[in-house]
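Values in this text are rule-based calculations from the coordinates and carry no lab data. Bear in mind the structure is a predicted one, so any value in this text is a computation, not a measurement. A quick note on method: Cβ atoms are made from the backbone with ideal geometry, for glycine too, and the neighbour counts reach across all protein chains shown.
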Amino acid sequence: MPVILATDLIIYALFGMVVWFVLSVRKGATIPVRIWTHIKGRRGVMVCLLILSLYALIALADSIRWRDPILTEEGTVATTLEGRTIYSPHALSLLDRVLTPLRERTEKTFSAPLATHLYVKETMELPDGTRVRDYPPLKYPRAHLLGTDKVGSDVLYLALKGIRTGVIIGTGTTLLIIPFALLFGVLAGYFGGIMDDIIQYIYTTLSSIPAVLLIVAFMLIFGTEGYQGGLITDEYLLWGLFVPTDRLFWLCVIMGITSWTDLCRLIRGETLKLREMDYVLSARALGVGSLRIIGRHIVPNVMHIVLITFVLQFSGLVLAEAILSYLGIGVGPEMGSWGNMINTARLELSREPVVWWNLLGAFIFMFGLVLPANIVGDAVRDALDPRLKVHGRI
């Protein structure tokens with residue numbers, strides 16, 4: 001039985017945009033072709049694009065999940081008195097099934113990367129009956145590339161599970177930010193007057209509220225109920241397969257609400273400048289409609305600001321999720337998250353000897369997402385910036 005979370009729709013939308021971009025390039029659309037032509041000529045950007053594609057594929061694999069039917073002792077499918085199939089509460093994703101060896105090969109507790117023995121000593125009884133204090137051997141020696149955590153789970157598996165959360169936070173929240181900021185910023189800057197006053201009042205009010213306090217208040221109201229990660233019961237399911245009450249989805253919403261104001265202010269300022277340019281004044285004198293001027297002259301010339309902010313917001317939001325999960329107001333404790341890994345590592349760094357690989361795993365995978373996203377974003381910005389095109393740099 002398939003299970004679809006509300007946040008899975010963000011991943012599907014991301015791949016829908018990728019498919020649209022590929023088809024647009026094949027059809028010869030101007031903007032996609034310009035972007036692709038600029039990117040494919042830069043080897044470093046292509047490497048970063050491949051890394052981002054790998055992250056996206058892992059996020060997609062972790063967003064395709066289904067529940068297996070429960071089998072009886074006789075090997076038949078268990079059913080209710082009404083004849084309906086009973087499904088397991090464990091909705092394993094495609095990534096979980098591919099990484100079954102990492103998921104199931106658990107140890108008793110901490111073990112260092114590629115170790116053969118546990119990281120903590122235990123009292124063991126030798127064959128001759130004597131008791132010694134030593135490091136017990138692992139059940140799966142040298143099988144854990146990044147070691148294991150306190151409960152013996154593979155750290156590499158936990159870091160891979162955090163990719164979906166990072167991609168959803170960075171992509172989903174940014175998809176909420178850009179439409180609001182672009183719409184309100186352009187309207188306020190182009191029309192001015194009472195519309196400008198109203199929009200300024202809205203984003204100034206939101207900016208005056210500390211974002212962390214607003215996120216905490218919102219999550220306490222909407223994020224305490226619903227699916228937190230882990231087992232999926234019938235109370236979470238709508239139509240037997242859809243989970244609308246996803247804590248991660250509410251986190252994307254509130255982070256989007258608190259993050260669009262800065263971009264809106266930048267777009268408004270740029271639009272105030274663009275509306276006084278000669279080509280805009282000429283179009284207005286010729287009787288061209290306001291909507292056509294906005295779509296033809298204003299929006300294309302503010303897209304470089306949108307893309308720059310998109311990159312900075314994406315990277316910042318991935319890091320913000322880690323901080324919020326570290327504070328206990330992010331995703332649920334049973335959902336894969338680099339923030340949860342960092343929160344766990346906070347206590348482990350005070351141990352003796354220090355358990356450092358949980359923090360290292362989160363850092364490596366977070367760095368591997370944020371840095372390529374910045375590099376690819378800069379390349380796209382260069383491809384679309386009209387001023388760089390005029391000066392012959394593209």
### Query
Label-point separation (nm) for His117 and Arg42, each offset 7 Å from Cα along Cα-to-Cβ?
5.1 nm
### Message
Need the list of aspartates and glutamates near Lys273 for cross-linking: C-alpha distance under 19 angstrom, and skip anything on the same chain fewer than eight residues off.
### Response
Asp196, Asp197, Asp262, Asp385
### Message
List the trypsin sites (Lys or Arg not before Pro) within region 37-128 that DSSP assigns to loop and that have no more than 12 neighbouring Cβ atoms inside 10 Å.
### Response
Arg84, Lys121
### Rough spin-label spacing in nm, given labels placed 7 Å along Cα→Cβ, for Ser88 and Val354
3.9 nm
## Note on the structure
In whole percents, the bins of 10 Å from zero upward hold the Cα-Cα pairs of the chain as 4, 18, 25, 23, 16, 8, 4, 1, 0, 0, 0
## Note on the structure
Which residues qualify? For Arg67, with a placed amide H closer than 5 Å and at least 5 residues away or on another chain, they are Val3
### Under the span-like rule (Cα at least 24 Å along the axis, Kyte-Doolittle mean at least -1.0), DSSP H helices of the chain
8-27, 43-61, 155-191, 299-327, 357-384
### Message
Can you compute 3J(HN,Hα) from phi for each residue in region 80-93, using the Karplus curve 6.51 cos²θ - 1.76 cosθ + 1.60 with θ = phi - 60°, rounded to whole Hz and x for Gly and Pro?
### Response
7, 5, 7, x, 7, 6, 9, 9, 5, x, 8, 8, 7, 7
### Task
Write out the trypsin sites (Lys or Arg not before Pro) in region 260-369 meeting two conditions: DSSP loop, and at most 15 other Cβ atoms within 10 Å of their Cβ.
Arg351
### Query
If each of Lys273 and Ser53 carries a label point 7 Å out from its Cα toward its Cβ, how far apart are those two points in nm?
3.6 nm
### Query
What does the charge add up to near Ile254, with Lys and Arg as +1, Asp and Glu as -1, over the other residues with Cβ less than 12 Å from its Cβ?
0
### Cβ-placed point charges (K, R +1; D, E -1), dipole of the chain about Cα centre in debye, nearest 20
1720 debye
### Query
Which lysines, on any chain, are close to Lys40 with Cα under 21 Å apart, when same-chain ones fewer than 8 places away are left out?
Lys27, Lys389
## Note on the structure
Counting as exposed only chymotrypsin sites (Phe, Trp or Tyr not before Pro) in DSSP loop states with no more than 16 other Cβ atoms inside 10 Å, the longest exposed-site-free span of the chain is 1-238
## Note on the structure
In whole angstrom, the spacing between the Cα centers of region 79-96 and region 347-384 equals 36 Å
